[in-house]
Amino acid sequence: MRCGAFGDMVLLTALIRTLHAEFGLPVDILTSGPWSAPLLAGQPGVGEILTLRSRKTPYWLAPDQRLAVRRLRARGSGPTWFCDGGEAVRPLLARAGIGAEFIVDVKDHPLRPGEHATEQWLRLAQIMPAVMPAAMPARATGMLRASAAFTAGCQLEVGDRQRAELDAWLAARGIVAPLIAVQMGNKRTMRRGLRRLAVNSKYWPMERWVEVLRHLRAACPAHAIVLLGTGPEYALNRDTAASAAIERLYNVADDLPVPRLVALLERAAGLVTVDSGPAHAGAAVGCPQVVLFGKALPSLYRPWGTRGGDVKVLTGRLDGDASMLGIAARDVQNAWDALELRPQRSALSMSGVTSTTPPLVT
């Protein structure tokens, strides 16, 4: 059970992958957010995905919550990992008849000093609830079935259909590979129409993005540059592209559903991004990247994928505090020049793993 933002759900793949290897069964997921199902559906080890529209709506006014409870009751009690820091959705488990003896709660196993989020999920996967149903497969001498499951980092698979859809979409927009991806915005970027908010610790000034885009064009003249984002970020991308005034710069924030985003990141030679969900998705498919951090701790949240793409993390300080505004455009340009870009290739062959029936992550 995990009701996290886009990047949180990418990080959770470390737990899903390990539990799937542990039990040899798919992991059912109770979550929230419109991104979770498109991101995780069809991924190795993922079973049923139950999505809540709202965690704060009273239960009797929330049909989605009642549906989730009915599905969980029908599913039956089993080992359950509760991965939320708050308690808002924990009562749904009790309503579904899943008692505390079946639950591993992340709050009982807090982060260790210097531990990365994916390392915490790996550790949590090796903690079993007090009661295990007799019908669950036995854990062979208490060891994971797949030693690879101990590998820290997140991981996403891209299917052949996703790649083919990406090819057709790129062709329709006149975008020719090789590609460089840039993620300038974040979920707070255009809230209430303001780009610079006191609460937006991931804001980086447009004039610096313009300098970086011009540097990318000069350093990689054969590459198309695509500006990522969601619908509300389209205007920011448009204005920045107009100021940069460079060729073969494409704003795709108007038409970038999650499966296409992940396929594009798998294809891209490199990514420049703020600390964001696309940064984690890029790492999960092995995309090299330069990532700008604000107040978040890189030790906890730096993009970390199992495929080992090169990641350059930049941090800055302003008035003595951690701040993305303390990162200069030249810092990003130098990091890009030192980045080991992915060689261009038409498609990456990656094997998927199919699944059958579950533990539950909530």
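Based on what the data block shows, is Asp28 out of contact with any helix residue (DSSP H, G or I) (no Cβ under 6 Å at 6 or more places or on another chain), of a type in the set (Asp, Glu) and within 27 Å of Met132 (Cβ to Cβ)? For Asp28, the condition - out of contact with any helix residue (DSSP H, G or I) (no Cβ under 6 Å at 6 or more places or on another chain), of a type in the set (Asp, Glu) and within 27 Å of Met132 (Cβ to Cβ) - is met. Looking at the structure I just gave you, is Gln183 of a type outside the set (Asp, Glu), within 24 Å of the chain's Cα centre (by Cα), under 22 Å from Leu19 (Cα atoms) and modelled with pLDDT of 70 or more? In short, no. For the range 226-239, filtering for residues that are crowded, with 23+ Cβ neighbours inside 10 Å and either of a type in the set (A, V, I, L, M, F, W, C) or in a helix (DSSP H, G or I) (or both) leaves 5. Within the bounds of the range 123-135, is there any residue that is crowded, with 22+ Cβ neighbours inside 10 Å, at pLDDT below 95, outside the structural domain of Ala296 (by TED's automatic domain parsing) and in a helix (DSSP H, G or I)? Yes, that holds for at least one residue.
State all residues of the range 1-25 that are closer than 16 Å to Ala281 by Cβ and acidic (Asp, Glu); if no residue qualifies, say none. The one that is closer than 16 Å to Ala281 by Cβ and acidic (Asp, Glu): Asp8. Being over 18 Å from the mean Cα position of the chain (by Cα), over 19 Å from Ser36 (Cβ atoms), outside the structural domain of Val10 (by TED's automatic domain parsing) and hydroxyl-bearing (Ser, Thr, Tyr): is that true of Thr306 here? Judged against the criteria, Thr306 is not a match.
Scanning the range 72-107 for residues that are of a type in the set (Asp, Glu), under 30 Å from Pro298 (Cβ atoms) and at pLDDT 95 or above yields a single hit, Asp105. List every residue pair whose Cβ atoms sit under 9 Å apart, with the two residues 6 or more apart in sequence or on different chains, where the first one lies in the range 156-172 and is within 18 Å of Ala283 (Cα to Cα) and the second, anywhere, is part of a helix (DSSP H, G or I) and among the acidic types (Asp, Glu). These pairs meet every condition: Leu156/Glu266; Val158/Glu266; Gln162/Glu266; Arg163/Glu266.
Confirm whether Asp8 is surrounded by fewer than 23 Cβ atoms within 10 Å (Cβ to Cβ), touching a strand residue (DSSP E or B) at 6+ places or on another chain (Cβ under 8 Å) and not in a loop (DSSP other than H, G, I, E, B). It is false that Asp8 is surrounded by fewer than 23 Cβ atoms within 10 Å (Cβ to Cβ), touching a strand residue (DSSP E or B) at 6+ places or on another chain (Cβ under 8 Å) and not in a loop (DSSP other than H, G, I, E, B).
Yes/no matrix, rows are residues, columns are (1) buried (at least 21 other Cβ atoms within 10 Å of the Cβ); (2) assigned to a helix (DSSP H, G or I):
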| residue | (1), (2) |
| --- | --- |
| Arg214 | no, yes |
| Ala242 | no, yes |
| Leu261 | yes, yes |
| Cys287 | yes, no |
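Just wondering, is there one or more residues in the range 340-350 that are at pLDDT 95 or above, over 21 Å from the mean Cα position of the chain (by Cα) and either at negative phi or of a type in the set (A, V, I, L, M) (or both)? Yes - at least one qualifying residue is present in the range 340-350.
Beta carbons closer than 9 Å, at least 6 apart along the sequence or on distinct chains, pair a first residue in the range 41-67 that is in the same structural domain as Thr31 (by TED's automatic domain parsing) and farther than 27 Å from Ala284 by Cα with a second that is of a type in the set (S, T, N, Q) and in a loop (DSSP other than H, G, I, E, B) for Ala62/Ser54; Asp64/Ser54; Asp64/Thr57; Gln65/Ser54; Gln65/Thr57.
The values are calculated or read from the model by the stated rules, or taken from the named source; none is laboratory data. Remember, predicted model here, so these are calculated numbers, not experimental data. Using ideal geometry, Cβ is built from the backbone for each residue, glycine included, and neighbour counts are taken over all protein chains shown.
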